[in-house]
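Worksheet: one structure, shown below.
The values are calculated or read from the model by the stated rules, or taken from the named source; none is laboratory data. Quantities reported herein were computed from a predicted structural model and do not represent experimental measurements. Note that each Cβ is placed from the backbone with ideal geometry, even for glycine, and that neighbours are counted across all protein chains shown. Protein only, heavy atoms only, side chains kept; ligands, DNA and RNA dropped before computing areas. Shrake-Rupley method; radii C 1.70, N 1.55, O 1.52, S 1.80 Å.
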Amino acid sequence: MLYVLEDTINGILIGSIYGLTALGLTVIFGVLKVINFAHGSLLMVGMYTAYWAVVLTGIHPYLALIIVAPVMYFFGYYLQNIIIKPIFKAEKDVREPITVIIVTTGVWYVLDNLSLLIFGPQYRTLQDNPLRGKMLEFAGMMLSIPKFWGFVIAIVTAAAVYWFFQKTRMGRAIRATSLDRESASLMGINQYRIYNVAFGIGTAIAGIAGVTLVPFYNVFPSVGVLFDIKGFIIVVLGGLGSIGGAILGGIIVGVIESVGPQFMAATWTEAIVYGLFLMVLFVKPSGLFGVKYDW
Amino acid sequence: MAFLEVRNIEVFYGDVQVIFDLSLHVEEGEVVSIIGGNGAGKSTLLRSISGLVPPAKGEILFEGVPIHKAPPEAIVERGLVQVPEGRRLFTLMSVKDNLIVGAYNSRADRVKEKTIEAVYELLPRLRERESQLAMTLSGGEQQMVAIGRGLMAKPKLLMLDEPSLGLAPLLSKNIFETVRKIADQGTTVVLVEQDVMHSLSISERGYVLEQGRTVMEGPAKELLDDPHIKTAYLGI
């Protein structure tokens, strides 16, 4: 019984980090109505940025947030502004612009191969990392410390994003644009700037997720792909565009993956995750926590 | 020089021409009605002035400055604000957030606390409903939110596209009274309407659009007495 509880808690911890990767995806989708296929690659870029920030400056892995989050924000902002926006403008009368999805797929391939070219195929882990393998003993259970901090960072990030969307001028403008682009234009909101900012925020969140992963996960050029597919499943489970849904969806997937192996072959847990995903699509296509309409 | 001046514009949706060589002008402080049936090009005219569908030919000047090449947000910043047809509220945001988004432009943002009080004063129902989601309101209340949201942008000229659309007669009368009050408080108003009688009765002047062209213009009183308008629009 204690094992199940321990696995559940560890599942919640890692699941919240999955949720963090999905959160960036859901923010970008909520505003641009575009599934960003490059999101896993953005996570990869975030992980490399975090890795090199720690290696080159020797700061504590979590202090890298101060560098990674703004760097990734501007990376996303200009990626959208320079590469995605022109395609968006060409398709401006389409509600869900398909060609933009193809462009994000191109960005994915380019980023993954660029990092292969620059950093090589080897798996990198942080050496002399103060967090590696550290465990917290709590009521007879062993909990991973870096995953625990990842959980805390995920919850704080989600709360901050939620607050930003509810209470700030820019946040309200982003929500308005996601609900009705043309009407938002008539309120004096420059929609292309909003897309840049939303993409920047989504990318910064991917960077934050990267920082939480680096202390206990390998960094390599195709690392994003593993999280990409999970991210899509989580976003659909939780409801596209829902902030709380992304985190909770991530936790559901994390718990299934972590508790499942107690009762069955570990490979079966994947089947359960995908089965649940299909069930949600059949029964409640707007996702477990999504709104029927939009955002 | 006129406050808003539209000079010989031609507007297309793709290959389809909707507005042909249309000119009109609005003076400061006026209420001007633009009337006409379905497909006359009334909404397109407003969308063109707002910068959503830039004209292919011709010029639009606001306070003497050409705006026909400016993006929508720059036009709002100048104080030319449109309340779109069908309200187009941000349905999953609260009434108050809808109003605050209306004050997004930098001129309006600085004074939004004061403006919101003035809007609540004019439309007291909105204060009662401020924390409700916009989609839960009735049609008449939604139209009030749309007008209030337009006022939040601190317009010098407010363009309203069919504010009475789909409303019961009593509510629609209410909306026209509100529009008149807005004009009396010093905002210039352009009113696009199918309810010819009510809209002309609160206006100084009017234009009649048919198939993308102005077919008549003049003081509202004269238009109301005109035989063509009586038969074509008022059914008398």
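Here are the numbers for the structure shown:
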| item | result |
| --- | --- |
| Among the residues listed as B:Ile75, B:Ile60, B:Ile116, the single one being touching a His at 6+ places or on another chain (Cβ under 6 Å) and aliphatic (A, V, I, L, M) | B:Ile60 |
| Candidates B:Gln194, B:Gln185, filtered to the one that is closer than 30 Å to A:Arg172 by Cα and modelled with pLDDT under 95 | B:Gln185 |
| Test result for B:Gly148, out of contact with any helix residue (DSSP H, G or I) (no Cβ under 7 Å at 6 or more places or on another chain) and either at pLDDT below 90 or closer than 21 Å to B:Gly86 by Cα (or both) | no |
| Residues of region B:109-126 that turn out to be without any contact (Cβ under 8 Å) to a residue 24 or more places away in the chain and within 14 Å of chain A (Cβ to nearest Cβ), as a count | 3 |
| Single condition B:Pro163 does not satisfy, out of (1) in a loop (DSSP other than H, G, I, E, B); (2) in contact (Cβ under 8 Å) with a residue 40 or more places away in the chain; (3) over 30 Å from A:Arg172 (Cα atoms) | (3) |
| Cβ-Cβ under 9 Å pairs, at least 6 apart or on other chains, region A:248-273 side closer than 11 Å to A:Tyr18 by Cβ, far side among the charged types (D, E, K, R) and open to solvent by 60 Å² or more (accessible area, probe 1.4 Å) | A:Glu257/A:Glu270 |
| The one condition in (1) open to solvent by less than 10 Å² (accessible area, probe 1.4 Å); (2) touching a residue at least 60 places away in the same chain (Cβ under 8 Å); (3) not polar (S, T, N, Q) that B:Ile60 fails to fulfil | (2) |
| Members of region A:85-130 that are closer than 30 Å to A:Ile59 by Cα and of a type in the set (Ser, Thr, Tyr) | A:Ser115, A:Tyr123, A:Thr125 |
| Candidate set: region B:75-108, residues that are in a helix (DSSP H, G or I) and open to solvent by 40 Å² or more (accessible area, probe 1.4 Å); chosen: the one nearest to the other protein chains (Cβ to nearest Cβ) | B:Glu77 |
| Residue that is farthest from A:Leu32 (Cα to Cα), among those in region A:240-290 that are out of contact with any Gly (no Cβ under 8 Å at 6 or more places or on another chain) and open to solvent by less than 40 Å² (accessible area, probe 1.4 Å) | A:Gly260 |
| Among (1) aliphatic (A, V, I, L, M); (2) buried (at least 24 other Cβ atoms within 10 Å of the Cβ); (3) more than 14 Å from chain B (Cβ to nearest Cβ) - the single one A:Ala184 does not satisfy | (3) |
| Check on A:Phe282, away from every other protein chain (no Cβ under 14 Å) and at pLDDT below 90 | yes |
| Residues that are open to solvent by 10 Å² or more (accessible area, probe 1.4 Å), in a helix (DSSP H, G or I) and of a type in the set (S, T, N, Q), drawn from region B:127-160 | B:Thr136, B:Gln142 |
| Residues of region B:27-74 classified as more than 14 Å from every other protein chain (Cβ to nearest Cβ), in a loop (DSSP other than H, G, I, E, B) and not hydrophobic (A, V, I, L, M, F, W, C), total | 14 |
| Some residue of region A:132-150 being away from chain B (no Cβ under 14 Å), within 24 Å of the chain's Cα centre (by Cα) and among the aromatic types (Phe, Trp, Tyr) | yes |
| Yes/no for B:Leu158 being out of contact with any Leu (no Cβ under 6 Å at 6 or more places or on another chain) and free of Cβ contacts under 8 Å to residues at least 12 places away in the same chain | no |
| Any hit, region A:9-31, residues being more than 30 Å from A:Thr269 (Cα to Cα) and not hydroxyl-bearing (Ser, Thr, Tyr) | yes |
| Among residues of region A:44-66, those that are within 16 Å of A:Thr125 (Cα to Cα) and not in a loop (DSSP other than H, G, I, E, B), counted | 14 |
| Residue check, A:Leu42 at pLDDT 95 or above, closer than 26 Å to A:Arg172 by Cα, open to solvent by less than 10 Å² (accessible area, probe 1.4 Å) and in contact with a Phe, Trp or Tyr (Cβ under 9 Å, 6 or more places away or on another chain) | yes |
| Matching option when the condition is part of a loop (DSSP other than H, G, I, E, B) and of a type in the set (Gly, Ala, Ser), among A:Gly133, A:Gly76 | A:Gly133 |
| Region A:193-242: number of residues that are assigned to a helix (DSSP H, G or I), farther than 21 Å from A:Pro121 by Cβ and not aliphatic (A, V, I, L, M) | 13 |
| Residue match in region B:220-236 (condition: modelled with pLDDT of 95 or more and in contact with a Gly (Cβ under 8 Å, 6 or more places away or on another chain)) | no |
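Here's the yes/no breakdown for (1) on the phi > 0 side of the Ramachandran plot; (2) modelled with pLDDT under 95; (3) within 14 Å of chain B (Cβ to nearest Cβ):
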{"site": "A:Ala159", "(1), (2), (3)": "no, no, no"}
{"site": "A:Phe164", "(1), (2), (3)": "no, no, yes"}
{"site": "A:Met170", "(1), (2), (3)": "no, no, yes"}
{"site": "A:Ala173", "(1), (2), (3)": "no, no, yes"}
{"site": "A:Asp180", "(1), (2), (3)": "no, yes, yes"}
{"site": "A:Gln191", "(1), (2), (3)": "no, yes, yes"}
{"site": "A:Ile208", "(1), (2), (3)": "no, no, no"}
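A quick yes/no check of all residues on (1) surrounded by 19 or more Cβ atoms within 10 Å (Cβ to Cβ); (2) of a type in the set (Val, Ile, Thr):
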{"residue": "A:Ile59", "(1), (2)": "no, yes"}
{"residue": "A:Phe74", "(1), (2)": "no, no"}
{"residue": "A:Ile84", "(1), (2)": "yes, yes"}
{"residue": "A:Tyr109", "(1), (2)": "no, no"}
{"residue": "A:Ile118", "(1), (2)": "no, yes"}
